[in-house]
Amino acid sequence: MVRDQLEARGVRDRATLAAMSLVPREAFVPEGRAGVAYADGPLSIGHGQTISQPYMVARMTECLALSELGWPWTEAPPALLDVGTGSGYQAAVLAQCGARVTSIERDPELAERARERLAAQGYAVKVVVGDGSLGYPPDAPYAGIVVAAGAPRVPEPLVEQLADGGRQVVPDGGGRSQRLNIIRRVGSERETRTADACVFVPLVGQHGHHE
């Protein structure tokens, strides 16, 4: 997977590749789907949600530029926010990078399953239930935020919860015309650039799509 799906498509970040090689993806797919856990595409996990394609998980992680934040950490690890816990796989990859990870999921059943999977694999991820478009202020500011759902526009509360110099990776747009936005906070300003085309389930919430 790392060689053929990630490196072959240009993923170069050492922290990302190391984490993707170590997190057992089969532990985060539904029962009976382990045989296709490393397939080059997303997989349904029920409740209208998916576990993202390995490449997209890696690309979003790489866009956080963890190496620029000091990976491997010699001081306190940075706080990261994972919006849309789903199966817990993206949160596991971020935790494998050595970060302190908070993950927020709107579906209580998915949140509980992810919490159990993460704990079983030894990842100390804080999983909370709530509206991901509002972020999670108690653990802010975050050095990085990954949003695994498409928003009609960049949720302002998430930008406000970024630390100075922090990055947010969020898909926006509608239907199959989404693209990844990488937003870097610089003081009171923000720098935005657009990366890969992508397709994610909708981000539902106060600053996302309606129910």
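Gly208 sits among other residues whose Cβ lies under 11 Å from its own Cβ, and their net charge, with Lys and Arg +1 and Asp and Glu -1, is -1.
Write out the trypsin sites (Lys or Arg not before Pro) in the range 1-31 meeting two conditions: DSSP loop, and at most 10 other Cβ atoms within 10 Å of their Cβ.
When the trypsin sites (Lys or Arg not before Pro) of the range 1-31 are filtered for loop state and at most 10 Cβ neighbours within 10 Å, Arg12 remain.
In this structure the amide hydrogen of His209, modeled in the peptide plane, comes within under 5 Å of the amide hydrogens of Leu203, Val204, none closer than 5 places in sequence on its chain.
Can you check what the Kirkwood hydrodynamic radius comes to for the range 50-108, Cα pairs only, in Å to one decimal?
Numbers: mean 1/r = 0.0835 Å⁻¹.
Kirkwood hydrodynamic radius for the range 50-108: 12.0 Å.
For the chain, the Kirkwood hydrodynamic radius from C-alpha pairs, put into Stokes-Einstein at 4 °C and a viscosity of 1.567 mPa s, yields a diffusion coefficient of 77 µm² per second. In this rough spin-label picture, where each label sits 7 Å from Cα along the Cβ direction, the Arg179-Arg153 distance is 1.8 nm. The protection proxy used here, the mean number of other Cβ atoms lying within 10 Å of each residue, ranks peptides 138-144, 51-57 as follows, highest first: 51-57, 138-144.
Could you work out what % of the accessible surface of the chain is carbon and sulfur, using a 1.4 angstrom probe and leaving DNA, RNA and ligands out of the count? Mind showing how you got there, number by number?
Numbers: 4580 of 9410 Å².
Carbon-and-sulfur percentage of accessible area, whole number: 49.
All C-alpha to C-alpha distances of the range 16-79, sorted into 5 Å bins beginning at zero, yield P(r) values of 4, 15, 22, 21, 14, 11, 9, 3, 0 percent in whole numbers.
Entry note: the range 88-211 has Rg to Rh equal to 0.95, where both radii use alpha-carbon atoms and Rh is the Kirkwood radius. Think of each Lys and Arg Cβ as +1 and each Asp and Glu Cβ as -1; about the Cα centre, that makes the dipole of the chain roughly 380 debye. Sequence-distant contacts, meaning Cα pairs under 8 Å at least 6 residues apart, place the relative contact order of the chain at 16 percent. Counting only DSSP beta bridges whose two residues both lie in the chain, roughly 45 percent are antiparallel. Protein heavy-atom accessible surface, 1.4 Å probe, per residue over the range 77-147: 34 Å².
Need one word for the range 128-199: rounded, prolate or oblate. Basis is the Cα gyration tensor (sqrt eigenvalues a ≥ b ≥ c); a/c below 1.5 gives rounded, then a/b vs b/c decides. Oblate shape, in that a/c is at least 1.5 and b/c is the bigger or equal ratio.
The values are calculated or read from the model by the stated rules, or taken from the named source; none is laboratory data. Just so we're clear, the structure is a prediction, and the values are computed from it rather than from any experiment. We place every Cβ from the backbone using ideal geometry, glycine too, and count neighbours over all the protein chains shown. Accessible surface areas use protein heavy atoms only, side chains included; no ligands, DNA or RNA. Shrake-Rupley method; radii C 1.70, N 1.55, O 1.52, S 1.80 Å.
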